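Below is one structure; the comments refer to it alone.
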Amino acid sequence: MIKFILIIVFCWCSAENNPLIGYDFGQQYSRIRIFEYESYSDVKFLKFNIQGPTTLANWSLTLSTEGKCTNYFANIHFYLQHGAYPLTSPRNESLPETYIPNRHNLFKLIFNTTLLNPLIQLNNPPIGTWFAMTFIDHPTSEIKPKITTGCNLYLSTWLDYQVVSSIFTLVFNEPRQVVLSDNKTSIYASYYTSVGNSRLRISFDWSNNCEIIFLARINALPNIYLYDYKTVCTNKTCLIEIDQLSASISIYFQITVTNFSCLINPLHGEILIRSTECLSSSDNFCVQPYPTRRIMFNYYYDFLYVPIYTTNRFNSHSTSSITLNGNDVSMYAYEFIVDDRNIGGTLHFDFESRTMPFVSPDVNVSILGCLSKYQPRRFDQCESNYKILIDKNSISLRSLPYPEMGFWYLTLQYFCYDFGQQYSRIRIFEYESYSDVKFLKFNIQGPTSLANWSLTLSTEGKCTNYFANIHFYLQHGAYPLTSPRNESLPETYIPNRHNLFKLIFNTTLLNPLIQLNNPPIGTWFAMTFIDHPTSEIKPKITTGCNLYLSTWLDYQVVPSIFTLVFNEPRQVVLSDNKTSIYASYYTSVGNSRLRISFDWTNNCEIIFLARINALPNIYLYDYKTVCKNKTCLIEIDQLSASISIYFQITVTNVSCLINPLHGEILIRSTECLSSSDNFCIQPYPTRRIMFNYYYDFLYVPIYTTNRFNSHSTSSITLNGNDVSMYAYEFIVDDRNIGGTLHFDFESRTMPFVSPDVNVSILGCLSKYQPRRFDQCESNYKILIDKNSISLRSLPYPEMGFWYLTLQYFCNGSKNECTDAAVSLMFQISSSQCTKQQCGTYGICRIMTSQQNVFSTCTCIAGYRGYGCTDSTHAYTSKSLTSVLFLTISNCMFIPAIILAIYRRLYIEALVYFFNMFFSTFYHACDQDINKFCIFKYDGLQLSDFIGSYASFVITLITMAIIPRSFKVFLFMLGLLTCIVINSRDRFDHLQFISLISITFIFTMLTWIIVSIRYRHLRPSSKRLLLVTPGFLLAIAGLVLFAFCETEENYWYIHSLWHILIATSILFFLPHKHFYKRGLIAQRNENVPEPVVNISTGSTILATPIDNTSLSSSNTDTSKKSTDNLLN
């Protein structure tokens, strides 16, 4: 039987006929391969964004196969979750006891392989981020053969929705007039919360007693089935009360007349939103939350939330210990944020309660807690799965896996406007490329006049003489793009950045501070690394000095900002104790050019400043007007949706404020005319098609008019008769800030156009609003000549809405330009690193730093820069020379191998050959270009290190005065030790020094013991004289290797190291010597008495034995002599 589950929420009103529908949005994942479920490591997660209120969202799924899938049957699971990764148990797996299993807005679809195009429709879904999870589920009882013909399943997913644009905004404490009629029986309204909201009361006053339904819902449009608050009004006056909410969320209202007969005449009403006082009565109780600082550690999802107490209520300033008693009628609430940095982990809540010593043990006391989203809730209002009961003198634990994004509250009980975020002890490294930097992420969640980044530098190891510069960059909305060593970008890349700040300090300054006045709200990224002078020689053997950086962001949100509403006048008052006020306006979909007018009671000089996404001041603003008359205005070109414009209104002459100055502010739009001074650029939205790789996107324009014959083409035709401009809107968010945006253009003049006509296309890239070419920033201008191909790229783009504006330009007479049409093909795409994947001299890599994912080029052969195109320090010409030096220099081991074979030291000869062979091919493989690898690089490197270590150890053991049989045992022990320590860490130079030191000391001890026992220098002075040059060569090689070798001189210094070490072996290998009876008589003075062996009847002469015969001879006679000598 086919199992098919589809969750559809039925809509109260048809989305197709709804006149409030605005722009159409879409997102796509194409051909994502899905796998069979065994655990969460087998699932695929997809991410979608619903960017505005909508009445209907469609997820269209397309299942495709690859391979022999004729008899293949399986169930496909598809889960949708708002704001979090879906948490499910497909096979009824149980969670740990203390874990909270409940989920909000989780939807499930199961279909099998016979259904290739299922559809999920959600009515009135919440705005924001949605995550999908998909996998294959076979029946658990099915026998799966190991040898199969192979069937791969691929899932393509398309999200399509339409944003409702005609929603009017409510302003705190300002009445709003509304009208319902027979052709407008229902309207939507919204309210955007700010910091410090208390309990809200929305009142409604109407002209008659019609029955009206008021619905309210957080972050989504309500309908008759989906709402958070509901009131049915049968009188002329009614209200809805809403407990205080977290900042930066939207409440949507639906106002509907149920009886159409009431609408014979239009129904007029007034809506007012205001706050109520926080009283102690149970029916009007405000829970004031404390904010928390999030301290971030070095691992994924490793955070600690620390409460911030800003009053003297507690003795400790940042403790997570509270005291509750019966006299305290308020609650303790703690606010903490969950965002994309910790949705993939688990939140843990640990509690330990202790009664005071004077409390009777018979008293039954406990603490009641509640976890809630968007607003703090009391225990009796809490969802059952999120209730927490903490008994006295007990330890409790609750955990929330894959938490949902948003503001959460733990209610036990408080709130202040101070926010903070911290990274503790992040180790920083020396800069060679972007793969060495550390990225940190911060959020400024509301308008602030001052933000402080406090840095603390700490060290570990011996850092007394360690000197280096620490670089710290701050960038709003994007990863910082810099060139610390003056690396150049590719020619077509845009280097300019907005809101980029830089701090360089050295290790003598341990606590620097960065202060930014009026910083933009939103996400900030920091980049930090160590920069040494490039000319410094860095020895390989060092004592070690590690640097750690702790970063603390602290800021205060400005709460007293009133909100402007489109086409609604707002009254303001300036006085001698309030000479300046702030205002804000939150843009919605479809904004045209804005005109903000000001009317005042007298002619005082007043300065009006406006700034996008940040508070303005006299030095930082985007728009400015000085008003000396009673009436003045500011005009702002149309802006993208979902951004805030902040205004500062200031009186310069305080003497004008003897009496309060009253004024009225009105924000409205102006018509889009064809005149050059009032020209609106209407942008076309784009769909972002996502592919299988990081940052691999394609933006496809969506044309919503009949201006073009094609519905989704990126080809346009411009001519002198076309006075409008073409603008395309595309979004950059955290899914593509770590890549590069590419803009490809190809222009062609029409066949009938004269080749003498000078025509071109002028383009502009701009953020937040489309701009004409003459208003464009210089680095963001694009000039496309006729019959040409152009390319511009934007690395690490800043988050937000961007616009590509294209404009026709003809430098000729009117008659020539009238018919001079130009066809333009263009494409907007995103990729990892560069479009050429770092080119010939680079490799593109995906890196992570403190959970921030980004792509970067790792350059080779001395090339540098973002795209490995800077050849200033390239050494490609030296490449062949360096590889020949490093490989041929190993041939110096050949004399040592021949000498070892000649002296019958076959084990030594084998080790030297092993070292020579693998060192040669390792260096042939360890090249940026002209490389040759006989097998994997890592295996060659390990073999080379083992061979090098073993050559030192075997040579030193060979020089020891011990029996050959014992030497063979030590050879094997030394070789196995070399394998072990290189498998542990082949780059730990201290372990190499330790091994060589132990072996050298052992050899020296054998020399000393034999010399003392026979009272004669062993080895002989002649032999020591011969060994001395070998020691000098070896020491010279070690000094070069340890203290002189750098990346620039590696190819010839390391080759000298090969030559010196291989040559030194010739002096270390013992001589071959055969004893003759005739020699015994010449050394009678040193000959001991004959040793008589009674058991065999033979007499063996123990002759004086020098070091050469003891250590090198492989004959039975020498072996017996050595054994007797050591017995």
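The values are calculated or read from the model by the stated rules, or taken from the named source; none is laboratory data. Remember, predicted model here, so these are calculated numbers, not experimental data. Every residue, glycine as well, gets a Cβ built from its backbone with ideal geometry; the counts of neighbours run over all protein chains shown.
Numerical summary
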quantity	calculated
Single residue of segment 63-92 satisfying the filter (among the hydrophobic types (A, V, I, L, M, F, W, C) and farther than 18 Å from Lys373 by Cβ) that is surrounded by the most Cβ atoms within 10 Å (Cβ to Cβ)	Phe78
Candidates Thr818, Thr848, Thr840, Thr805, filtered to the one that is of a type outside the set (A, V, I, L, M, F, W, C), touching a Cys at 6+ places or on another chain (Cβ under 7 Å) and either farther than 15 Å from Phe697 by Cβ or loosely packed, with under 15 Cβ neighbours inside 10 Å (or both)	Thr805
Some residue of segment 755-766 being under 33 Å from the mean Cα position of the chain (by Cα) and among the hydrophobic types (A, V, I, L, M, F, W, C)	yes
Inter-residue pairs, beta-carbon under 8 Å, first outside the structural domain of Leu1038 (by TED's automatic domain parsing) and in segment 996-1018, second of a type outside the set (Ser, Thr, Tyr), 6+ apart	none
Residues located in segment 738-751, provided they are of a type in the set (A, V, I, L, M, F, W, C) and either modelled with pLDDT of 90 or more or closer than 14 Å to Lys835 by Cα (or both)	Leu741, Phe743, Phe745
Lone qualifier among Val968, Val980, Val953 - being in a helix (DSSP H, G or I), within 16 Å of Glu908 (Cα to Cα), among the β-branched types (Val, Ile, Thr) and without any contact (Cβ under 8 Å) to a residue 60 or more places away in the chain	Val953
Residue in segment 1072-1080 that is among the charged types (D, E, K, R), buried (at least 18 other Cβ atoms within 10 Å of the Cβ), closer than 30 Å to Ser919 by Cβ and modelled with pLDDT of 50 or more present	no
Yes/no for Ser1021 being touching a Lys or Arg at 6+ places or on another chain (Cβ under 9 Å) and free of Cβ contacts under 8 Å to residues at least 60 places away in the same chain	no
Number of positions in segment 161-200 that are under 30 Å from Leu698 (Cβ atoms) and surrounded by fewer than 16 Cβ atoms within 10 Å (Cβ to Cβ)	0
Test: residue in segment 46-53 that is modelled with pLDDT of 90 or more and more than 27 Å from the chain's Cα centre (by Cα)	yes
Test: residue in segment 93-109 that is touching a His at 6+ places or on another chain (Cβ under 6 Å) and surrounded by 12 or more Cβ atoms within 10 Å (Cβ to Cβ)	yes
Condition broken by Ala526, with the remaining ones in (1) modelled with pLDDT of 80 or more; (2) out of contact with any Pro (no Cβ under 8 Å at 6 or more places or on another chain); (3) over 23 Å from Phe987 (Cα atoms) satisfied	(2)
Among residues of segment 429-474, those that are of a type in the set (Val, Ile, Thr), within 30 Å of Gly842 (Cα to Cα) and either touching a Cys at 6+ places or on another chain (Cβ under 8 Å) or not in a strand (DSSP E or B) (or both), counted	1
Filter result for Phe501 (within 16 Å of Asn452 (Cβ to Cβ) and at pLDDT 90 or above)	yes
Among residues of segment 541-587, those that are acidic (Asp, Glu) and assigned to a loop (DSSP other than H, G, I, E, B), counted	1
Test for Arg792: is it assigned to a strand (DSSP E or B), in contact (Cβ under 8 Å) with a residue 40 or more places away in the chain, on the phi < 0 side of the Ramachandran plot and touching a Phe, Trp or Tyr at 6+ places or on another chain (Cβ under 7 Å)	yes
Only listed residue being under 37 Å from the mean Cα position of the chain (by Cα), aromatic (Phe, Trp, Tyr) and assigned by TED's automatic domain parsing to the domain that holds Trp1007, chosen from Tyr937, Tyr906, Tyr875, Tyr866	Tyr937
Hey, Leu410 more than 30 Å from Asp391 (Cα to Cα) and either at pLDDT 90 or above or acidic (Asp, Glu) (or both) or not	no
Criterion: closer than 30 Å to Gly344 by Cβ and in contact (Cβ under 8 Å) with a residue 12 or more places away in the chain - qualifying residue of Gln851, Gln836	Gln851
Qualifying positions in segment 613-672 - of a type in the set (Ser, Thr, Tyr), in a strand (DSSP E or B) and under 45 Å from the mean Cα position of the chain (by Cα)	Tyr623, Thr625, Ser644, Tyr646, Thr650, Ser669
Filter result (surrounded by 13 or more Cβ atoms within 10 Å (Cβ to Cβ) and polar (S, T, N, Q)) within segment 976-999	Thr977, Asn982, Gln991, Thr999
Some residue of segment 805-818 being within 28 Å of Arg735 (Cα to Cα) and modelled with pLDDT of 90 or more	yes
Residue check for Ser433: of a type in the set (Gly, Ala, Ser) and not assigned by TED's automatic domain parsing to the domain that holds Ala333	yes
The lone exception for Cys933 - which of (1) touching a residue at least 24 places away in the same chain (Cβ under 8 Å); (2) touching a Leu at 6+ places or on another chain (Cβ under 8 Å) it fails	(1)
Residue within segment 805-825 that is assigned to a strand (DSSP E or B) and under 29 Å from the mean Cα position of the chain (by Cα) present	no
Meets criteria (at pLDDT 85 or above, under 29 Å from Ile789 (Cβ atoms), of a type outside the set (Val, Ile, Thr) and in a strand (DSSP E or B)) for Tyr684	yes
Gln375 vs. criteria surrounded by 20 or more Cβ atoms within 10 Å (Cβ to Cβ), out of contact with any Gly (no Cβ under 6 Å at 6 or more places or on another chain), assigned to a strand (DSSP E or B) and at pLDDT below 90	no
Filter result for Asn208 (modelled with pLDDT under 85, assigned to a loop (DSSP other than H, G, I, E, B) and over 22 Å from Tyr229 (Cβ atoms))	yes
Asn815 without any contact (Cβ under 8 Å) to a residue 24 or more places away in the chain and not small (Gly, Ala, Ser)	yes
Set Tyr949, Tyr902: member being more than 17 Å from His1054 (Cβ to Cβ) and of a type in the set (Ser, Thr, Tyr)	Tyr902
